[in-house]
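Each remark here refers to the structure printed beneath this line.
The values are calculated or read from the model by the stated rules, or taken from the named source; none is laboratory data. All of these numbers come straight from a predicted model, not from anything done at the bench. FYI the Cβ positions are ideal-geometry reconstructions off the backbone, even for glycines, and counts take in every protein chain you see. These accessible areas exclude ligands, DNA and RNA; they are computed on the full protein's heavy atoms, side chains included. Shrake-Rupley method; radii C 1.70, N 1.55, O 1.52, S 1.80 Å.
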Amino acid sequence: FYVFKHEGIPSRPAVQNSEFSQAVRHQFMGPLWKYEKNDLCNTEYPFPGAEDLAWWFCMKSDDRPPTILLLGNSHANHLYPGFAMNPAFSHHTILSIGTCAVGVDGHRAEARNPCSGERVAQQKKFIDDLLAAEPTIRHVVIGGIRPSGEKQYVTRVVNRIKPLSEKGYRIIIFYPHLEAQFYPKA
């Protein structure tokens, strides 16, 4: 609460001596990820029950029809500012929506998790319907894939990506995010 109340304590050396721009440093000041959702996206693409989920990502860069879809969990959503604010992508409209990683099996998740039980299938249908309704989307960027050799997981990932590729979407997969091989609090 103290950090939040004092706007991330911008006077601390880690912020003051950072070589990052002020816009990037601002992300280090405070507990909230400002790219989780915006009204433009929530209005155009309302996901039934999103308000009851622990988290739901829905960001759209402008009011033009989307051309790039970011698909996956928070690791995919973290790509949003880089795409949306990069001048090289100014002719694109970026849509980051959803919260379940590609290949996730919701039957092992706890009930509070937005990707538990049938929510994975509900989200997949929602996104498939969105893709059918938005013919301007040409690129699907996937993030949040786990580095797993588990055969069932790999099959689920392939089964999600293959139909998208067959429909002509250009699929871009970000390499799995790095994870510590130990529990940092231990």
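Output yes when any residue across the stretch 96-107 is assigned to a helix (DSSP H, G or I), open to solvent by less than 70 Å² (accessible area, probe 1.4 Å) and of a type outside the set (D, E, K, R), and no when none is. I'd like the intermediate steps shown before the answer.
First, pick out the residues of the stretch 96-107 that are assigned to a helix (DSSP H, G or I): 106-107.
Those left that are additionally open to solvent by less than 70 Å² (accessible area, probe 1.4 Å): 106.
Within this subset, residues satisfying the condition of being of a type outside the set (D, E, K, R) are 106.
The answer is yes, given that some residue of the stretch 96-107 is assigned to a helix (DSSP H, G or I), open to solvent by less than 70 Å² (accessible area, probe 1.4 Å) and of a type outside the set (D, E, K, R).
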| query | Within the stretch 51-85, which residues are closer than 26 Å to E179 by Cβ and in a loop (DSSP other than H, G, I, E, B)? | reply | L53, A54, W55, W56, N73, H78, L79
| Filter result for T43 (modelled with pLDDT of 85 or more and open to solvent by less than 80 Å² (accessible area, probe 1.4 Å)) | no
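Within the stretch 122-148, can you find the residues that are farther than 28 Å from H92 by Cα and open to solvent by 50 Å² or more (accessible area, probe 1.4 Å)? Give the steps one after another, and end with the answer.
Residues of the stretch 122-148 farther than 28 Å from H92 by Cα: 147-148.
Residue satisfying the conditions is P147 alone.
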| query | What number of residues within the stretch 108-143 are of a type outside the set (D, E, K, R) and part of a helix (DSSP H, G or I)? | reply | 10
| note | Note on the stretch 69-92: residues closer than 13 Å to V141 by Cα and without any contact (Cβ under 8 Å) to a residue 12 or more places away in the chain are G82
| task | Please find, within the stretch 157-186, the residue that is nearest to I68 (Cα to Cα) out of those that are of a type in the set (D, E, K, R) and in a loop (DSSP other than H, G, I, E, B). | result | K167
| request: Could you figure out which of (1) farther than 29 Å from I171 by Cβ; (2) open to solvent by less than 50 Å² (accessible area, probe 1.4 Å); (3) modelled with pLDDT of 80 or more isn't true of G30? | output: (3)
| task | Would you mind telling me which numbered condition in (1) modelled with pLDDT of 95 or more; (2) exposed (fewer than 13 other Cβ atoms within 10 Å of the Cβ) K151 fails? | result | (1)
| For residues in the stretch 168-186 being open to solvent by 100 Å² or more (accessible area, probe 1.4 Å) and within 22 Å of F89 (Cβ to Cβ), which is modelled with the lowest pLDDT? | Y175
| Members of the stretch 47-65 that are in contact with a Phe, Trp or Tyr (Cβ under 9 Å, 6 or more places away or on another chain) and either open to solvent by 40 Å² or more (accessible area, probe 1.4 Å) or closer than 24 Å to G168 by Cα (or both) | P48, C58, M59, K60, S61
| Of all residues in the stretch 67-82, how many are modelled with pLDDT of 95 or more and surrounded by fewer than 19 Cβ atoms within 10 Å (Cβ to Cβ)? | 1
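Rundown of residues vs (1) touching a strand residue (DSSP E or B) at 6+ places or on another chain (Cβ under 7 Å); (2) modelled with pLDDT under 95; (3) more than 16 Å from V120 (Cα to Cα), yes/no style:
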site: M85; (1), (2), (3): no, yes, yes
site: H91; (1), (2), (3): no, no, yes
site: I94; (1), (2), (3): yes, no, yes
site: V104; (1), (2), (3): no, yes, no
| query | Is there any pair with a first residue in the stretch 127-147 that is closer than 13 Å to L71 by Cβ and modelled with pLDDT of 95 or more and a second that is polar (S, T, N, Q) and open to solvent by 20 Å² or more (accessible area, probe 1.4 Å) whose Cβ atoms are under 7 Å apart and which are 6 or more apart or on different chains, and what are they? | reply | I137/T67; H139/T67
| task | Please find, within the stretch 144-156, the residue that is nearest to I97 (Cα to Cα) out of those that are in a loop (DSSP other than H, G, I, E, B) and not charged (D, E, K, R). | result | G144
